[in-house]
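A.B. asks: I have a structure here, written as structure tokens, and I will follow up with some questions on it.
The values are calculated or read from the model by the stated rules, or taken from the named source; none is laboratory data. Just so we're clear, the structure is a prediction, and the values are computed from it rather than from any experiment. For accessibility, only protein heavy atoms count, side chains too; no ligands or nucleic acids. Shrake-Rupley method; radii C 1.70, N 1.55, O 1.52, S 1.80 Å.
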Amino acid sequence: QVQLVESGGGLVQPGGSLRLSCAASGFAFSSYAMSWYRQAPGKERELVAHITSAGGSTTYADSVKGRFTISRDNAKNTVYLQMNSLKPEDTAVYYCNAGYYGGTRYIAGGYWGQGTQVTVSS
């Protein structure tokens, strides 16, 4: 069955870095666009970044542009999110998702992992 397993979250001080990983199985990973979302307490789930199936194009939310980098390794069925210069407002549960594009708009697929908690605090 489809599985998405996120890891790499934790507690980090403002200005620090974390690298999240999402290991995928049960579907043709290299055929899907992939994304990272996040959800902070009391807020809606937010699309943070997405990447095309071959990894040739990436898109970021304005709030993370220049600080976060999404990448993928299709040989390992894994997508990554490198997060630098972290801020307290980046605190959230981070989820990966396998989806597709409607034109240039990313459309989330129906499978989600359990998420990984990122807490940015001094």
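A.B. asks: With an 8 Å cut-off on Cα pairs and a minimum separation of 6 or more residues, tell me the relative contact order of the chain in percent. Don't skip to the end; give the middle numbers.
C.D. replies: Numbers: 299 pairs, mean separation 42.8, N = 122.
Computed over the chain, the figure is 35 percent.
A.B. asks: Whole Å is fine, so just give me how far the alpha carbon centre of the stretch 72-112 lies from that of the stretch 11-57.
C.D. replies: What the calculation gives is 2 Å, centre to centre.
A.B. asks: Separate question: If you roll a 1.4 Å probe over the chain with all protein chains in place, what percent of the accessible area is carbon or sulfur? Display every interim value, and only then the final one.
C.D. replies: Numbers: 2940 of 6190 Å².
That share works out to 47 percent.
A.B. asks: Sort SER35, SER122, SER85 by accessible area with a 1.4 Å probe, largest first.
C.D. replies: Working: SER35 0, SER122 130, SER85 65 Å².
Sorted descending by solvent-accessible area, the residues read SER122, SER85, SER35.
A.B. asks: Can I ask one more? How big is the stretch 24-72 by Rg and Dmax over its Cα atoms, in Å?
C.D. replies: 12.1, 34
A.B. asks: Can you give me the long-range amide H partners of THR91? Hydrogens built in the peptide plane at 1.01 Å from N, cutoff under 5 Å, separation of 5 or more residues or another chain.
C.D. replies: VAL120
A.B. asks: Under a 1.4 Å probe, what is the accessible area of the stretch 34-96 per residue, stated in Å²? Before the final figure, lay out each step's value.
C.D. replies: Working: 2970 Å² over 63 residues.
So the stretch 34-96 comes to 47 Å² accessible per residue, rounded to a whole number.
A.B. asks: Separate question: On alpha carbon coordinates alone, what is the Rg over Rh value for the chain, Rh being the Kirkwood radius? Don't skip to the answer; put the middle values down first.
C.D. replies: On the way: Rg = 13.5 Å, Rh = 14.3 Å.
The Rg/Rh ratio comes out at 0.94.
A.B. asks: Let me ask you something else. If a/c stays under 1.5 just call it rounded; otherwise compare a/b with b/c (prolate if a/b is bigger, oblate if not). Do that for the stretch 74-122, with a ≥ b ≥ c from the square roots of the Cα gyration tensor eigenvalues. Could you put the intermediate results ahead of the total?
C.D. replies: On the way: a/c = 2.03, a/b = 1.79, b/c = 1.13.
Verdict is prolate for the stretch 74-122.
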